[in-house]
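Shown next, in structure tokens, is the structure this report addresses.
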Amino acid sequence: MPMIASVIVNNTAKVLDKEFEYYVPENMKKIIKRGQRVVVPFGKGNNFIEGIIIDIKDVINKDMELKEIIDIIDDVPLFNDSMINLAMFLKQKYNCTLIEAFKTIMPSGINSKEKLIIKFLSDKNYVKNKKIVEAIKKYNTIDYNKLCNVLNFKIPKSTLYDLKNDGIIAIDRIMDCRVKVKKVEVYSIADIKKCDEFIKNSSQKLKKQIETLKIIMSSETPLTLKEISLKSDCSSSVVKSLEKKGLIAKYEKEIYRNPVKNNYTFGKFELTKDQKNTIDNIIESYKKGKRVSLIYGVTGCGKTEIYLNAVENFIKMGYDAIVLVPEISLTPQTVERFKGRFGDVVAVLHSRLSDGERYDEWRRIKSGEVKVVVGARSAIFAPLNNIKLIIIDEEHEYSYKSEMTPKYHTREVAEYIVNENNGLLILGSATPSMESYYKAVNGEYNLIQILKRVDNMKLPDISVIDMREELKNGNKSMFSRELYTSISDNLKKGEQTILFLNRRGYSTFVSCRSCGYILKCKNCDVPLTYHVSSGKLSCHYCGFEYNVPKLCPKCQSKYIKYFGAGTEKVEEEIKKNFKDAKILRMDVDTTRIKGAHEKIYNEFKNNNADILIGTQMISKGMDFKNVTLVGIIAADTNLNVPDFRAAERTFQLVSQVSGRAGRGEKAGKVILQTYEPEHYSIVFSSNHDYIGFYNKEIEIRRALNYPPFSDILNVLLMSEDENELIEFTKKIKNEVNNIIRGRNVEVLGPAPCHIYKIKKSYRWHIILKGKVYDVLNDLNYILNYNTINTSINYSLDINSYNMI
DNA sequence: AGCACGCCGACT
DNA sequence: GTCGGCGTGCTC
């Protein structure tokens, strides 16, 4: 009976987002399984393409002619049933293609692509396609893509096959991928009898060989050449002769690349009463069937110890756990705590791993060796076999929302997984997201509050400085008088200071004093930032760098000035005012090279500097005992962007940064500079009043029907052709109006985005508010249909964190 | 997305 | 008569 497999092909085009059926050849029938990746011929040219099997069935007759599967890639299926279901969930919830969903849950770099290897045979008296034949002859063997590059034009496949049919060339097709299983050559005993004889009968002349052989014999595991020569202090020639004599044999062994080099140990702490109560509370509510617990705990309340304890409880019962932290706090310190406590059953996944390292951690997890995965956003897809516990630390963090298709939110995916597995999700934050706290207040989540710090330390006092008053009093500098004197007092006392400003570079914009012209990026609608380190103007959106013009491009005046302040400017001002102070700066620019982040962190931690200046990067996860002063240079930089989360974001940022002060024995102090001291974000955050902020903000959200009371769908429309884009938005607006008729959805726009152009592409958006999931499919259909044969690209993002 | 087919105009 | 331009439609 013919066997048919349904395959999802590795091509992200929306029209190919369906199952394609292939015959399973006789010799594969026994080994083919759902979830395996296969190679199939596809399209008119029968190009080889990778696919994923999602269904296998026996069929008696089939009216359509089917092609056959070429090859099976994975012996063991890469995806099990629950992973396939997860992919389907992502597709349905975030409106992506199934293959995009699969690619999201598998490690990057293991997809293979067809490679055509062309081999020259003979050119006889061939006259056609002379240039191509000559090039192939020159290289003898060359791959197709390289050949096209060399000749600087795309050779039609038909020409290639003509050449093959005429006997000029041979074509070999292979499937090639970037990441391969890493192998090492190891030696082990080939014939134990022979070895014994050799040792007994050989003369002293072969002393070194005997000694080396004994070492290999006594080793429990096969040894690499390096290990052997190290242990017996011999050269490779000794090993080679043993191999030649047939006493030992060489073979290849698969190994895992290990991203964590150090061995850590990390002890257990006695839990405080609060911590113990929290654990009991969570377990109890879990037993009652609550899938999600939210820990609202002030900074320094010892959440990590609670997490460690919960993980320990679950792995003792034989379950697996995932612990997620924001990318930025996935420092060696965090890894250390988990690896030190649980040892080798911990795997680490984060963006700084190479594709190879990630693939190996992934395989290690899948094999069942790993019980606990610690990682950033994408670690939610770790292929553990028995996930029962997921912890999301700092659950309010924006990095949990993916910016790439599928634009998933980690919290939502985690909820899906615990619901599927009857598991438990623990969310933790000192400033929970509006969404989560709302659900907790309404009883959907179990809520636990911890309002005391472990050491009973008080939260730092925050004094709010109105910068308008400073200006009135003749202080034009970026430091208020109070901040200035506090810094200088701290320097005298030998205590450390953190200065926070959420902007990198020197100036925030460059403008002509004579005509007011502001220098902007030619590709993006963004003012350029001056960087002292490079001496250039840089666009923070496309990365393009410009030389500083001597004259104004518009009016030719020479009065070009830098306005606004970034971290580089703060550094310069501090250097000017406090000549003896040792200063460190931490932002994207100073941490580009690998390990720089760590280095700055350690320098400051070891008290080798007085002042640390930084952006977002220093706002979380960092624990410095000697920091007693935190200066927030401008608290309101994010307050007035057109985004419904602006207030929430500002509150969270101020709370996070303030938390850096007074983590040791000495009390901390925070000086918050702002132009809007009366704004409720500033008022509540300076009083450490999360509940107060929540109550105010939730009423605003309710009144304006923003999340959590609605869902917001941002329809971003982009094109390099501005006129076509504007015409398109008008047209699509009517279509959208048709779709939402009679549904509980409101439409705003179309309007140009706050940042009108990025990387040469103009941007408009339409915002839908309300029950957007109801219209998602229809909307996707009309956008897809109407953008065919246009220059318009579109993207749909639900409850986006990036509305500008 | 990629590729082949096909219909039309320009040119040896 | 044929080469190559791009609009159209299909991929198991």
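The values are calculated or read from the model by the stated rules, or taken from the named source; none is laboratory data. Worth saying up front: this structure is predicted, and the values here are computed from it rather than measured. Quick reminder, even Gly has a Cβ in these numbers, built from the backbone with ideal geometry, and neighbours come from all protein chains shown.
Condition first: surrounded by fewer than 17 Cβ atoms within 10 Å (Cβ to Cβ), of a type in the set (Lys, Arg) and in contact with a strand residue (DSSP E or B) (Cβ under 7 Å, 6 or more places away or on another chain). Can you find one or more residues in segment A:581-590 that meet it? No, that holds for no residue.
Candidates in segment A:715-746 are the residues that are in a loop (DSSP other than H, G, I, E, B) and loosely packed, with under 13 Cβ neighbours inside 10 Å; of these, the one that is nearest to the chain's Cα centre (by Cα) is A:ASN744. Residues that are under 21 Å from A:ASN201 (Cβ atoms) and at pLDDT below 80 within segment A:214-233 comprise just one, A:SER232. The C-beta contact set for segment A:28-48 (first residue in contact (Cβ under 8 Å) with a residue 40 or more places away in the chain, second residue of a type in the set (A, V, I, L, M) and within 16 Å of DNA strand B (Cβ to nearest atom), distance under 8 angstrom, 6+ apart or interchain) comprises A:VAL39/A:ILE49; A:VAL39/A:MET175; A:PHE48/A:VAL39; A:PHE48/A:VAL40; A:PHE48/A:MET175. Looking at A:VAL641, A:VAL588, A:VAL630, A:VAL570, just one residue is in contact (Cβ under 8 Å) with a residue 40 or more places away in the chain and part of a strand (DSSP E or B), and that residue is A:VAL630. Only residues that are more than 33 Å from the chain's Cα centre (by Cα), more than 16 Å from DNA strand B (Cβ to nearest atom) and surrounded by fewer than 14 Cβ atoms within 10 Å (Cβ to Cβ) were counted across segment A:153-193, and they come to 6. Name the residue that is surrounded by the most Cβ atoms within 10 Å (Cβ to Cβ), counting only residues in segment A:28-49 that are assigned to a strand (DSSP E or B) and more than 10 Å from DNA strand C (Cβ to nearest atom). Among them, the one singled out is A:ARG37.
Quickly run through segment A:677-703 and pick out the residues that are over 22 Å from A:ASP636 (Cα atoms) and not basic (Lys, Arg).
If we filter segment A:677-703 for residues that are over 22 Å from A:ASP636 (Cα atoms), which is where we start, we get A:702-703.
Result: A:ALA703, single match.
For A:THR650, the conditions (1) crowded, with 17+ Cβ neighbours inside 10 Å; (2) over 31 Å from the mean Cα position of the chain (by Cα); (3) without any contact (Cβ under 8 Å) to a residue 60 or more places away in the chain all hold with the exception of (2). Checking each residue in segment A:7-27 for being more than 12 Å from DNA strand B (Cβ to nearest atom), free of Cβ contacts under 8 Å to residues at least 40 places away in the same chain and not in a helix (DSSP H, G or I) picks out only A:GLU19.
Out of A:ASP778, A:ASP797, A:ASP774, one residue alone is surrounded by fewer than 20 Cβ atoms within 10 Å (Cβ to Cβ) and within 19 Å of A:PHE709 (Cα to Cα). It is A:ASP774.
Within segment A:63-74, residues that are within 12 Å of A:PHE20 (Cβ to Cβ) and in contact (Cβ under 8 Å) with a residue 40 or more places away in the chain sit with their Cβ atoms under 7 Å from residues that are part of a loop (DSSP other than H, G, I, E, B) and more than 8 Å from DNA strand C (Cβ to nearest atom), at 6+ positions apart or across chains, in these pairs: A:ILE69/A:VAL24; A:ILE69/A:PRO25. Restricted to strands (runs of 3 or more DSSP E) entirely inside segment A:255-366, those with at least 1 residues that are among the charged types (D, E, K, R), in contact with a Leu (Cβ under 6 Å, 6 or more places away or on another chain) and at negative phi are A:320-324.
Of a type in the set (Val, Ile, Thr), at pLDDT 75 or above and more than 30 Å from A:LEU447 (Cα to Cα): which single residue out of A:VAL239, A:VAL260 fits that description? So that I can check it myself, show each step before the final result.
Details: A:VAL260 fails: at pLDDT 75 or above.
Only one candidate passes the filter, namely A:VAL239.
Among the residues that make up segment A:766-783, is at least one of them polar (S, T, N, Q) and more than 31 Å from the chain's Cα centre (by Cα)? Looking through segment A:766-783, none of the residues is polar (S, T, N, Q) and more than 31 Å from the chain's Cα centre (by Cα).
Scan segment A:129-149 and give yes if some residue there is among the hydroxyl-bearing types (Ser, Thr, Tyr) and assigned to a loop (DSSP other than H, G, I, E, B), otherwise no.
Narrowing segment A:129-149 to residues among the hydroxyl-bearing types (Ser, Thr, Tyr): A:139, A:141, A:144.
Filter once more, keeping what is assigned to a loop (DSSP other than H, G, I, E, B): none.
No, that holds for no residue.
Quick one: would you say A:GLY692 is surrounded by 14 or more Cβ atoms within 10 Å (Cβ to Cβ), among the small types (Gly, Ala, Ser) and farther than 16 Å from A:ASN780 by Cα?
Values: surrounded by 14 or more Cβ atoms within 10 Å (Cβ to Cβ): yes; among the small types (Gly, Ala, Ser): yes; farther than 16 Å from A:ASN780 by Cα: yes.
Judged against the criteria, A:GLY692 is a match.
Could you list, in sequence order, all residues of segment A:28-41 that are within 16 Å of DNA strand B (Cβ to nearest atom) and either more than 19 Å from A:ASN111 (Cα to Cα) or not hydrophobic (A, V, I, L, M, F, W, C) (or both)?
Here is the first cut: in segment A:28-41, the residues within 16 Å of DNA strand B (Cβ to nearest atom) are A:39-41.
Matches in segment A:28-41: A:PRO41 only.
In the set A:ILE56, A:ILE52, A:ILE4, A:ILE60, which member is away from DNA strand C (no atom under 13 Å from the Cβ), farther than 25 Å from A:GLY109 by Cα and part of a strand (DSSP E or B)? After applying the criteria, what remains is A:ILE56.
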